[in-house]
Amino acid sequence: MALQLGDEAPNFTVETTDGTLNFHEYLGDGWGILFSHPKDFTPVCTTELGEVARLKSEFDKRDTKVIGLSVDAIGSHADWVGDIKDATGQTLNFPLIADSDRTVANLYGMIHPNASDTMTVRSVFIVGPDKKLKLTITYPASTGRNFQEILRVLDSLQLSSKFPIATPVNWNDGEDVIVGVGLTDEEATEKFPKGFTKIKPYLRFTPQPNR
Ligand code: BEZ
C-alpha cells in the first residue's frame, strides 16, 4: 500500500552528492523534505534544483533539511551539478540521492508504472521531527513544482504542531488562523489571549499566535 500521512518515513542509507548518508540521521531532530526528480539532465528538474538551492536559507530558517533524488548514478549527478550552476547560477547546497537501483524510489512509491516504467514522478514528502509523514504531493514530470507553496505548507504544519489551530484557504505566514475545532469558546479565550472572531460556531479566526 502507498505511504500515507502519519506513517513512519522509511529509513535508508544511500549514496548522495554529499557522500553516503542515512536519511533519519541526516534529518536529526528537525523537519525534512524528500523530493524526487524523473531524470538527470532534464530541463524542468534543472530549474527545480536551482530554485531549491536558492531557497536553502528559507528551509534553514524552518529547521528543515532538504534532500533530492534522481534514479541516475553518482557520476551523472556530479556532471549535472555543473550544468545546474551554469543554467541557474546556483551551486547545489543539499544532497542529491543517486538511486540508480531504485531502492528509495521503490520504498516511497515514486515510480508510477502507468506514467513511466523508468522515471520517478515528482514526489514531495515532508517529514516531521517524529519521522512521521506530514505531507505527500505528487506532480507529473511535465510540471515543475512551486516551492513557495511547499514553504507555505511547512509554515502551516509547523504552526499547527505548536498551537491548536488550522490554516484557512490560501493562508500565508502572518495571517489570521482558525481556532481548532476541538476547543470550546472558553478554552479558545484562554489559549488565544488576542481573542477570536466567531463567524460560525465551528469557524473562529484568531491572529497568528506566535506573532
Ligand atoms: C524535465 O525535467 O524537464 C522532464 C523530465 C522528464 C520528463 C519530462 C520532463
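The values are calculated or read from the model by the stated rules, or taken from the named source; none is laboratory data. Everything numeric in this text was worked out from a predicted model, so none of it was measured. Heads up, the Cβs are rebuilt from the backbone with ideal geometry, glycines too, and the neighbour counts pull from every protein chain shown. Heavy atoms of the whole protein, side chains included, go into the accessibility calculation; ligands, DNA and RNA do not. Shrake-Rupley method; radii C 1.70, N 1.55, O 1.52, S 1.80 Å.
Only one entry in LYS85, LYS134 is in the same structural domain as ASP40 (by TED's automatic domain parsing), more than 15 Å from the ligand (Cβ to nearest atom) and out of contact with any strand residue (DSSP E or B) (no Cβ under 9 Å at 6 or more places or on another chain), namely LYS85.
Residue check: SER142 meets all listed conditions (1) touching a Phe, Trp or Tyr at 6+ places or on another chain (Cβ under 6 Å); (2) loosely packed, with under 13 Cβ neighbours inside 10 Å but one, namely (1). Do you know which of the residues in region 1-50 that are under 16 Å from the mean Cα position of the chain (by Cα) and acidic (Asp, Glu) is farthest from SER160 (Cα to Cα)? The extreme case among them is GLU48.
Within region 145-161, does at least one residue satisfy the condition of being at pLDDT 95 or above, open to solvent by less than 70 Å² (accessible area, probe 1.4 Å) and more than 23 Å from the chain's Cα centre (by Cα)?
Residues of region 145-161 at pLDDT 95 or above: 145-161.
Next cut, open to solvent by less than 70 Å² (accessible area, probe 1.4 Å) only: 145, 147, 149-160.
This time we only want the ones that are more than 23 Å from the chain's Cα centre (by Cα), so: none.
No, region 145-161 contains no residue that is at pLDDT 95 or above, open to solvent by less than 70 Å² (accessible area, probe 1.4 Å) and more than 23 Å from the chain's Cα centre (by Cα).
Take the conditions more than 16 Å from the ligand (Cβ to nearest atom) and open to solvent by 10 Å² or more (accessible area, probe 1.4 Å) and apply them to ASP63. Does it pass? Let's see the steps before the verdict.
Values: more than 16 Å from the ligand (Cβ to nearest atom): yes; open to solvent by 10 Å² or more (accessible area, probe 1.4 Å): yes.
In short, yes.
Tell me, which residue of region 37-58 that is open to solvent by 30 Å² or more (accessible area, probe 1.4 Å) and near the ligand (Cβ under 6 Å from one of its atoms) is nearest to ASN146 (Cα to Cα)? So that I can check it myself, show each step before the final result.
If we filter region 37-58 for residues that are open to solvent by 30 Å² or more (accessible area, probe 1.4 Å), which is where we start, we get 39, 41-44, 47, 51, 54, 56-58.
Then keep just the ones that are near the ligand (Cβ under 6 Å from one of its atoms); that gives 39, 42-44.
Details: LYS39: 18, THR42: 17, PRO43: 15, VAL44: 12 Å.
It comes out as VAL44.
Which residues, counting only those in region 66-77, are away from the ligand (no atom under 16 Å from the Cβ) and either in a strand (DSSP E or B) or within 18 Å of the chain's Cα centre (by Cα) (or both)?
Just the residues of region 66-77 that are away from the ligand (no atom under 16 Å from the Cβ), to begin with: 66-67, 73-75.
Within region 66-77, VAL66, ILE67 qualify.
Each residue in region 115-131 was checked for being free of Cβ contacts under 8 Å to residues at least 60 places away in the same chain and more than 15 Å from the ligand (Cβ to nearest atom), and 1 of them qualify. Selection of first residues in region 42-54 that are not assigned by TED's automatic domain parsing to the domain that holds ALA87 and of second residues that are loosely packed, with under 15 Cβ neighbours inside 10 Å, restricted to Cβ pairs under 9 Å at least 6 apart or on distinct chains, gives an empty result. Listed by first and then second residue, the pairs linking a residue in region 91-114 that is at pLDDT 95 or above to a residue that is part of a loop (DSSP other than H, G, I, E, B) and open to solvent by 70 Å² or more (accessible area, probe 1.4 Å), with Cβ atoms under 8 Å apart and 6 or more places separating them unless they lie on different chains, are PHE94/ASP18; PRO95/ASP18; GLY109/ALA2; ILE111/ARG102; ILE111/ASP117; ILE111/THR118.
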